[in-house]
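Every read-out reported here was derived from the displayed coordinates using simple, explicitly stated rules and does not represent laboratory data. Keep in mind that what you see is a predicted model, and the values were worked out from it rather than measured. Note: ideal-geometry Cβ built from the backbone for every residue, glycine included; neighbour counts use all protein chains shown.
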């Protein structure tokens with residue numbers, strides 16, 4: 001069987017920036033940006049396909065005013081030290097200043113076994129080197145250390161956002177230096193806006209792989225790839241190599257536009273899966289950020305003989321399950 005045809009797409013409609021966490025309790029947990037940008041939702045199911053019809057639970061809503069009152073974006077659910085954490089970005093306002101929003105990164109903590117239950121506690125803003133536009137945080141563990149990766153505007157570098165990495169002291173505090181590991185440099189990273197954002201990490205074959213998204217959020221949005229050797233100093237920018245071409249981009253043939261902001265998981269049979277959002281049309285009226293139809297999609301991917309991941313192209317919409 002062609003595993004890339006195992007999943008009907010879209011998996012979940014009108015959910016952008018999708019994040020799936022496969023936990024050892026037998027559940028897949030899902031969160032994403034909602035079109036209203038006003039809340040954080042979680043849902044879970046024992047199968048990936050089951051997430052489609054799982055009831056979402058609202059675990060947090062934006063404030064009426066202040067730092068966490070607008071544009072709640074790109075939540076991720078992580079488990080560390082026996083606790084659950086949700087990382088997300090939020091702003092004071094929907095207005096922009098010279099094309100930039102005023103997002104900062106925040107975190108919630110929950111000590112329950114089931115993150116859809118229990119109390120979520122605000123642990124505050126994740127503090128970085130600058131008070132500037134920052135979003136799209138992710139976290140991963142490697143060789144006994146916990147790392148935090150995110151996108152941020154350096155006031156001294158032109159453009160919207162670069163990618164940074166730092167070691168974590170705990171679930172809400174960075175320690176030590178933060179290093180820039182990618183900045184928009186190729187043409188495909190600079191269409192509309194100079195953007196590197198939405199990092200996602202996968203460990204495989206002796207390397208740390210990191211996908212990210214680039215350019216404006218219309219049909220030009222696409223995914224790039226960084227990698228580092230697993231024994232390298234991950235805080236040293238020289239440890240990271242960026243591929244000069246995108247690894248996942250719009251497919252006119254399949255009617256899929258602007259794929260990006262992905263996460264990784266594995267299927268019930270152990271296959272590697274790319275979870276991402278994309279639209280099924282190219283032309284957008286108004287600001288693409290406020291077009292609600294970036295749907296969550298899922299695609300199995302394979303590995304090349306040289307050890308590189310092969311994401312292929314976004315698969316066409318499949319309203320019913322395909323069978324061999």
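Observations on the structure shown:
- Derived from the Cα gyration tensor, the three semi-axes of the equivalent ellipsoid of the chain are 26, 23, 22 Å, largest first.
- Per residue, the convex hull volume that the Cα atoms of segment 1-153 enclose (Å³): 149
- Among 41, 271, the order by Cβ neighbours within 10 angstrom, fewest to most, reads 271, 41.
- Spin-label model, residue 231 to residue 254: label points 7 Å out along the Cα-to-beta-carbon direction sit 3.7 nm apart.
- Relative contact order of the chain, taken over Cα pairs closer than 8 Å and 6 or more residues apart, is 17 percent.
- Spatial offset of segment 87-160 relative to segment 245-294 amounts to 22 Å, using the alpha carbon center of each.
- Three-way shape call for segment 190-324 based on the alpha-carbon gyration tensor, with the a/c threshold at 1.5: oblate
- Taking the chain as a Gaussian network of alpha-carbon nodes connected by springs under 10 Å, the highest mean-square fluctuation of the residues 147, 186, 37 belongs to 186.
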